[in-house]
Each structure stands twice: as C-alpha cells, then as structure tokens.
1. Quote to one decimal, in nm, the extra length available between residue 267 and residue 456 on full extension: 0.36 nm per residue of separation minus the C-alpha distance between them.
2. How high is the relative contact order of region 86-145? Use alpha-carbon pairs under 8 Å, at least six apart in sequence, and give a whole percent.
3. What nm value, rounded to one decimal, do you get for the distance between residue 421 and residue 303 when each label is placed 7 Å out toward the C-beta?
4. Provide the gained length on full extension for the span residue 255 to residue 231, in nm with one decimal, where the gain is 0.36 nm per separating residue minus the Cα-Cα distance.
5. Within the set 88/120; 219/337; 120/203; 292/459, which residue pairs have Cα atoms separated by over 21 Å?
6. Decide, for region 334-375, between rounded, prolate and oblate: order the square roots of the alpha carbon gyration tensor eigenvalues as a ≥ b ≥ c, take rounded if a/c falls under 1.5, and otherwise choose prolate if a/b is larger than b/c, else oblate.
7. Just to verify a number: FRET efficiency for residue 333 and residue 83, C-beta to C-beta distance, R0 = 45 Å, to 0.05?
8. Let me cross-check residue 154: its accessible surface, 1.4 Å probe, with only protein heavy atoms counted, in Å² to the nearest 10?
Amino acid sequence: MKSHRSAQKAAVHRKTGNALFFLAMLMALCVLSLLKARCFSAPLGRSLPAADAQEHAEMERSKGSATAAAESEAEAAGNRAICFETSKRSDVCEAQGDIRIHGSGHTIFLDPSITDREWKTRPYCRKHDPLAMENVKEWAMRPFPGGDVPPLCTANYSVPALVFSIGGFTGNLFHDFTDVIVPLFVSSYRFNGEVRFVIADAKPWWVSKFALILRRLSKYDVIDARSEEAEAVRCFPRVVVGLSFHKELGVDSSRTPTGYSAADFKAMLREAYGLERKTAAPAGDEWDIRRKPPRLLIISRRKTRAFLNERGMADMAASLGFDVRTAEPESVTDLAKLARLVNSADVMLGVHGAGLTNLVFLPAGAVLIQVVPMGGLEWLARDTFGRPAPEMEIEYMQYVIQEDESTLTEQYPKEHPVLKDPLAIQRQGWSAMSKIYLDNQNVRPHLGRLRNTLIEAIKHLPHARHQS
C-alpha cells in the first residue's frame, strides 16, 4: 500500500515536472518571437509589417533629427563636416572662405571658421579598390596653424579650385573615362568653365591626351600639384576636393545640380573634338545613289582577345553593304583623330575591352556590338558597356563566344573546368578568372552567326527605320 502511494506521488511529480518544462519552453518561444519581431523585422527581400514599419520610420526620423541637431551644434562650434561620401566609390570635400592650397605638400589650409579639425582624403573615384589607391596620394585639409601666421599666398584666384587625382588605373581608356573624365564632368559642369583644375599625381602625357576635354570644362590652365615649387601657395575662395562618381560611364541627372545628363556629356565631347554627327541618321534622300552606306568600325586588338579571322569578318560585312573600317585604339595616340573615326561609324564591333569605351563618341542611334569572350563573362560585359550604352543613346547588342570559337579549346582538355565550369574558375577570384578568360584567349567568330548579328544590327539603325 505504501509503495503504491509512493508510485502515485512520483507520477504526480513527473506530470508536474513535465508541465513546468513545457510551460518554460512555451514562454521561451514567446520571448524569442518578440525579440525576432523587434530585432529582425525586415529580412532581405521582405517588407516591414505595417505597425513595425511605422515604428521603424519614426525611429529613423528621430535618428535623422538627432543627426541634424548634432550637425547644427557642430557647425555652430566650427566643427561643420566638409567631407562626405557621395558613393561607395567616391568621397568629396568642399569648403568656402579663405582657402590656401600648398600643392607640393598635398595640404589645403582653411580658415578656422570653416573647420577646427583635420580632414584627409584621396581624390580618386575608386576608394573601394586598395590596388588602385596605392597610386593616389593622400591630401590633408586642416585649419590654419593656431597662433601662427597662415601660409602666405603666392597666387590669388577668383574662381573655385577642383582638386582631383589621375593616379589609380589611368592609362587604361575605360578607367580614364569611368574613374576620371565622367566624374570630372559630373563635378565641374555646373561651373560653366569658371573653375580651375588642380591635378594631383599628374602625368604630363595624360593631361596632353585629354587636353581638349579639360579645356572644354575649364577656361583656365590646369595646375600640376606634383610640379609645384615648395613655397607655392595658391589661394582660392572655394575648393572642391575629389570627384563625384555616379555609375560606370554614366551620369545620374537626378543627382546633378541642374539636371544635366549623359546627353550633355556627349554634347560636351562633340564640342571638344569637333564631331560632326549628333545622330546616326543618314544624310540625303534614301533613293540618292550618292547616299553613303552604313559604316562598320571593327575595334582591333593584338595582344589578347584578338579576332583571328578579322579579314574574313570585314569581307563578310562588306558583302552586306557596310563600309568597313578598322581601328586599333591601343596604338592610336591622337584621341581626337580616333574620336572622329568612331563618330563616323554607325555600328561598332569589338571584343570586351577598354577599346569599347570609345562608344562615348558614337552618334545617337548607332549600334554597339560587344563580343563577349567565353567564360561566363556576360555579367562583366553588361556592367561595363551594356548598361551605359542606352544612356548614351546607343543600341546595344552582344555576341557571346562559344566553345568552338575560342582558342581556349586548344589549350585545355575537353572536360577541363575552364571549358565546362567557368563559374568554378570565377569563384577562385578575379586574378584567376582574368588570367585565363581575359589575358589568355583569342576568338574566331563563326561568320554565319556573326552575319546574322550584323543583319539584326542594320535593323536597329535609323537607315532601316527611315526606309520602313
């Protein structure tokens, strides 16, 4: 009997323990649910629930008010921020007042009323890329030395100064434009030429190559900071340090002071180089036998990603009625001459590479055909030239190299990952990918396939649209 009662008590204790255990688990789950709702209310790809969204918005407004108040207090105390991140690739610093630039020392002295602290920046639009920034010197912006006489001006100017670097990856035409020329347009066009460029990490050949563009954007001679004498101090009423980057070879008109766009950028280039054609529309009556046929410009390469059947390509295109020209941008030192040749083209064809940057000189309505090397590089082709083309008013097409059109088949066994699994090679990083697919591959497009692509390109031209 006693043992039976003990068993009953044990059973009751077990039930009670189990109930308490499940109750504790339930409470824990409730707590976790509440924490999740508070801390992880907006997973990637999902929207906030209405109540949480309102709370989140109120928190952001509160945070913004606090930030604005802090900035207001900082400004009152002379701590106003003068440097800002304008994109993930660019920082810009700006100040107005008594500005003294000591170019040889990469230092800009400011009146203490502007700021009471030192700011440092590297004025090149690739701050996310350590390799590029190795070639860009740092500039310091600091208040006049306390109690000391500020550096004496050796030259005075009445227009703003725009300080930028041409270190980094300049020398490659794509980087010349996407890292410097387009951001320079974005940052300087608002001044209508009333701005003086102070170029850091200057390369005389680069300044000479792009002189016509520099003269179009500024009415004044550039200042080479690298060649400044040690005692030279140039004084300005305003300074902007660094260029603002928007997107690859592109201008976001919603972010420019007066709404200027890529169309204005192309207009600037036409004026700088005296380019005749604004559009690819043919001149004269369509029945005039003197009317010029559409022109195809083939961008040649010699070292890598070269066309191995370029002569056959040209003959085939001529049979379609094209006036065929070829150009090798890497060997051309006269950019103005190359710009005029590109502007005369209706269709430009080339393998992915810096030479396709010349699309900036094509007339509106022209067609760009990018030949994409084998290796799953469609994403690279799209990001560098595919996306910028429509903004430049260019019709974009691409021709993707197949396995039997690539010389990689002569270098690797049939089942090698280079041929069968390019994504596996890409996962090894940029260095491994570029060494194989960009630096060690030539191409031989099938003339039949390419012919169909060129026929399609003709349909996109204003020549064809006018006839229809």
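1. On the way: separation 189, 0.36 × 189 = 68.04 nm, distance 2.78 nm.
My answer for the length gained is 65.3 nm.
2. On the way: 95 pairs, mean separation 23.5, N = 60.
That works out to 39 percent.
3. 3.2 nm
4. Values: separation 24, 0.36 × 24 = 8.64 nm, distance 3.83 nm.
Taking residue 255 through residue 231 to full extension adds about 4.8 nm, to one decimal.
5. Working: 88/120 17 Å; 219/337 23 Å; 120/203 23 Å; 292/459 17 Å.
Those over the limit are 219/337; 120/203.
6. Numbers: a/c = 2.99, a/b = 1.57, b/c = 1.91.
Oblate, since a/c reaches 1.5 and b/c is not below a/b.
7. Details: r = 37 Å, r/R0 = 0.83.
Using R0 = 45 Å, I get an efficiency of 0.75.
8. The accessible area of residue 154 comes to roughly 90 Å².
The values are calculated or read from the model by the stated rules, or taken from the named source; none is laboratory data. Just so it is clear, the model here is predicted, and its values are computed rather than measured. Neighbour counts are summed over all protein chains in view; Cβ atoms, including those assigned to glycine, are modelled from backbone coordinates with ideal geometry. When the accessible area is computed, the model is the full protein with side chains, heavy atoms only, and any ligands, DNA or RNA have been set aside. Shrake-Rupley method; radii C 1.70, N 1.55, O 1.52, S 1.80 Å.
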